[in-house]
Every structure is written in structure tokens, then in C-alpha cells.
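The values are calculated or read from the model by the stated rules, or taken from the named source; none is laboratory data. The shown structure was predicted, so the numbers you read here are calculated from the model rather than taken from an experiment. We place every Cβ from the backbone using ideal geometry, glycine too, and count neighbours over all the protein chains shown.
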Amino acid sequence: MANALVVFLSGGAGCLIRYLLSLCVFPIMGLPVATLIVNVSGGFFAGVVATKFAHLKPILLIGFLGGFTTFSAFSLECLQMIQNQQIVMAFTYIIASVSLSIAAACLGNYLFS
């Protein structure tokens, strides 16, 4: 039960940092940059956690990074772009988010293995 509480608290910390970042980073040409930064950096840190801090996986990966990254916001932003007929922007955002997040996870894994 203590582990569940730690995961819960670390998830809250991740959410708080994501929220504060969203207050500081504004969209550029309609692209939701804050969500992109959160998801790409989350991918990087997931790669780091997997190699260097695997013993802290419940706290860092499930808790903190689970609260910090945001697939639901990404999905909604894509839907809104499509509904606003910003098809090219939506697919650019999708491709950039997925490819950069995976590349960042690989980089984090490589740098810290």
C-alpha cells in the first residue's frame, strides 16, 4: 500500500509540472508546443529510467512520467485540428510527436546504458 501512495504522489508531481509548463509555453502557428515538449521529454526520460533507474520504475515511469506525459491531450488537440480543417497541421503534429518521442526514448536509453 505504501508503494501505491508513492506512485500516486509522484503522478501528482508529474501532473503539476506538466500544468506549470503549459502556462509558460504557448502554441506556435497553432501547434500545441507544450504537449509536444512534454511527450518528447517524457519519451527521453522513459528511456533513461528503463536503463539507469529500473528499480524506481513504479515511482518514475508509472507515477511521475505517467502523470507528466499526456496522450489524452495529444489526442484531443489532433481532433480539434482535424475538426478545424487543419489536416496538414494535424498530421505534422502526429508524425512529429510519435517519431520524436520514440527517438527521444532511444536517445535516453542509448546515453544512459
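Evaluate region 71-91: report whether one residue or more is charged (D, E, K, R), surrounded by 18 or more Cβ atoms within 10 Å (Cβ to Cβ) and either over 10 Å from the mean Cα position of the chain (by Cα) or not in a helix (DSSP H, G or I) (or both). Checked region 71-91: at least one residue is charged (D, E, K, R), surrounded by 18 or more Cβ atoms within 10 Å (Cβ to Cβ) and either over 10 Å from the mean Cα position of the chain (by Cα) or not in a helix (DSSP H, G or I) (or both). Out of region 1-55, which residues are among the polar types (S, T, N, Q) and free of Cβ contacts under 8 Å to residues at least 24 places away in the same chain? Scanning region 1-55 gives a single hit, 22. Only one entry in 47, 108 is buried (at least 17 other Cβ atoms within 10 Å of the Cβ) and modelled with pLDDT under 95, namely 47.
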